[in-house]
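Accompanying notes for the structure given below.
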2 protein chains.
Amino acid sequence: MNPIVIDRLQHKLGYTFQQQALLLQALTHRSADSEHNERLEFLGDSILNFVIANALYQRFPLVDEGDMSRMRATLVRGGTLAEMAREFHLGECLRLGPGELKSGGFRRESILADTVEAIIGGIFLDSDIQKVGQLVLTWYAERLAEISPGEKQKDPKTRLQEYLQRLHRSLPSYLITQVSGEAHDQKFTIHCHVSGLSEPVVGSGSSRRKAEQAAAEQTLIKLELQGE
Amino acid sequence: MNPIVIDRLQHKLGYTFQQQALLLQALTHRSADSEHNERLEFLGDSILNFVIANALYQRFPLVDEGDMSRMRATLVRGGTLAEMAREFHLGECLRLGPGELKSGGFRRESILADTVEAIIGGIFLDSDIQKVGQLVLTWYAERLAEISPGEKQKDPKTRLQEYLQRLHRSLPSYLITQVSGEAHDQKFTIHCHVSGLSEPVVGSGSSRRKAEQAAAEQTLIKLELQGE
């Protein structure tokens, strides 16, 4: 891999690997090489969850466990990690197999998000939990400063349901319209039907639940745009 | 709380709190006091997940992410934590409200498991992540030495049986309700009856054994959901 690109990434991350092989592995999708990043992702995911849980615990001494959980879900979800990956210009550093090189849209987002977790796992192995914890908190500084408990953390399906109940409308229905991809890499497409919108709203994701949440989010946006 | 009981607990845990108030809070169910243990449980859960993920990562350098996930799920699930709670004689230390004092069965199991997580959160706040990590690994030493990826994970029928035994309930019964298809391509449908669920739980598969395992798995999920 181009050393200039790697240096730029390490600069953006705020961390230079002692063991460059760990960074390389973190950037390697399973489609590219058998030394891929999934084990690092497993480790990094658990570190991220702990670091963010601890940050929320310290920052919100009076907030209950449910609100902390919802805030954490917002901070660690795939969309947030993919945003962060874009801030790191991670896309240009990924090692992908030929099949994945062309992949765009949702697949791409999910690879980016997973790679951020793998990088966290790699930095931990290259240093220690304190160091990686501090670093993750600097990456999250703005998002942690902005987040607050309450309404915004409820998941989209819950918010949509509450929205419709306030209007005394019937509840939404979710239909799976398509499932594609192989067992380990499925994509679900969901149609969300609500009264008030003539057409179903489409959402997709790597699980039924994620696809439903995506569809609910889009449905809320449409209903709100429509001024209902 | 009786200081002898508390000393005995700390001896079992292998840790003496600097801040006894943290231990007291970790032992306090929400039914007993507004200073209860749910925030500590949230924190402790994330620590436990990280510590076990890291232990499995180190111990099984060649095992894939899916197997590590399954092993972790086995190690951190409520039943395992409740077992550990019993090894600590935690039951006698719980601070419960009048409604919960009488609760037995699954509720009790789940309170015990949550309290172990809260204690982990409390020890972390009282010390640091290294210290709590080392301690958790000593609690898990035997279980980590025994666990292995793949086949050897306990099958659902075994887990269901052990689950019901812990609650002193009668064992499940499995009834074949349907066999369809030709000799080489049969489908078995099984009903699993357990005390605590009013309806039998259905499972199906290409052999009687697989159908029973499927039914047992679903039954466990229902029992666990119901207990929450």
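Computed from the coordinates by the stated procedures, all read-outs in this text should not be read as laboratory data. Since the model is a prediction, treat every value here as computed from it, not as a measurement. Heads up, the Cβs are rebuilt from the backbone with ideal geometry, glycines too, and the neighbour counts pull from every protein chain shown.
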Study note, to complete from the structure: By the Cα gyration tensor axes a ≥ b ≥ c (a/c under 1.5 gives rounded; else a/b larger than b/c gives prolate, otherwise oblate), the shape of the protein assembly as shown is rounded
Practice item. With springs connecting C-alpha atoms under 10 Å apart, model chain A as a Gaussian network and identify which of A:GLU109, A:GLU41, A:GLU217 has the largest mean-square fluctuation. Key: A:GLU217
Point to revise | Inter-part distance where the range A:37-105 and the range A:186-212 are each reduced to a Cα centre, Å | key: 23 Å
Check your understanding: Relative contact order (percent) for chain A, with alpha-carbon contacts under 8 angstrom and 6 or more residues of separation?
Key -> 19 percent
Point to revise | Note, ³J(HN,Hα) from phi for the range B:51-68, Karplus 6.51, -1.76, 1.60, rounded to Hz, x at Gly and Pro | key: 4, 6, 4, 5, 4, 5, 4, 6, 6, 10, x, 10, 8, 7, 4, x, 5, 5
Check your understanding: Quick one: if the Förster radius is 22 Å, what FRET efficiency do A:GLN134 and B:LYS154 give, using the C-beta to C-beta distance and rounding to 0.05?
Key -> 0.05
Review point. So, counting K/R as plus one and D/E as minus one, what does the shell of residues with Cβ under 15 Å around A:PRO61 add up to?
Key: -3
Revision key, fill the gap. Per GNM of chain A with C-alpha springs under 10 angstrom, the most fluctuating residue out of A:ASP155, A:ASP45, A:ASP64 is A:ASP64
Check your understanding: Sorting B:VAL202, B:VAL179 on the 10 Å Cβ count, fewest up front, what's the list?
Key -> B:VAL179, B:VAL202
Study note, to complete from the structure: Gyration tensor on Cα atoms of the range B:1-93, a ≥ b ≥ c root eigenvalues, a/c under 1.5 rounded, else prolate if a/b beats b/c, else oblate, says prolate
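If the only charges are +1 at each Lys and Arg Cβ and -1 at each Asp and Glu Cβ, what is the size of the charge dipole of the range A:94-228 around the Cα centre, to the nearest 20 debye?
Details: 17 positive and 18 negative charges, 59 e Å.
Using only the charged Cβ atoms, the result is roughly 280 debye.
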Exercise for review: Work out the mean other chain Cβ neighbour count within 10 Å for the residues of A:14-25 and drop it here as an integer.
Suggested key: 0
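From the Cα gyration tensor of the range B:86-149, with a ≥ b ≥ c the square roots of its eigenvalues, which class applies: rounded if a/c is under 1.5, or else prolate if a/b is larger than b/c, or else oblate? Let's see the in-between values first.
Working: a/c = 2.98, a/b = 1.50, b/c = 1.99.
Oblate is the answer for the range B:86-149, as a/c is 1.5 or above yet b/c matches or exceeds a/b.
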Study note, to complete from the structure: With bins of 5 Å, the percent of all Cα-Cα pairs of the range A:52-100 per bin from 0 is 5, 18, 19, 15, 14, 10, 9, 6, 4, 1
Point to revise | For A:ASN2, inter-copy label distances in nm, listed shortest first [label point 7 Å out on the Cα-Cβ vector] | key: 7.1
Practice item. Determine the relative contact order of the range A:156-225: mean sequence separation of Cα pairs under 8 Å and six or more apart, normalised by residue count, in whole percent. Key: 28 percent
Practice item. Calculate I(q)/I(0) for the range B:156-227 by the Debye formula, one identical point scatterer on each C-alpha and no solvent, and give its log10 at q = 0.23 Å⁻¹ to two decimals. Key: -0.92
Exercise for review: Could you pull the copy-to-copy label distances for A:GLY79, with points set 7 Å along Cα to Cβ, in nm to one decimal and sorted shortest first?
Suggested key: 3.7
Check your understanding: Which of the GluC sites (Glu not before Pro) found in the range B:146-187 are loop residues per DSSP with 11 or fewer other Cβ atoms within 10 Å of their Cβ?
Key -> B:GLU182
Review point. If you average the sequence gap of Cα pairs under 8 Å that are 6 or more apart and divide by the length of the range B:13-83, what percent do you get for the contact order?
Key: 18 percent
Practice item. Show that you can apply the helix-only estimate: for chain B, add -39,500 (n - 2.57) for every DSSP H stretch of four or more residues, divide by all residues, and state [θ] at 222 nm to the nearest 500. Key: -18500 deg cm²/dmol
**Study point:** Label-zone membership for the range B:202-223, site B:HIS184, 7 angstrom Cα→C-beta point, backbone N under 18 Å
**Key:** B:206-207
Review point. Which residue, B:VAL136, B:VAL76, B:VAL63, has the most motion in a Gaussian network model of chain B that connects Cα atoms within less than 10 Å?
Key: B:VAL63
**Study point:** Projected area, mean over directions - chain A, Cα convex hull, nm²
**Key:** 13.9 nm²
Point to revise | 7 Å along Cα→Cβ, label-point gaps from A:SER195 to other copies, nm, shortest first | key: 4.6
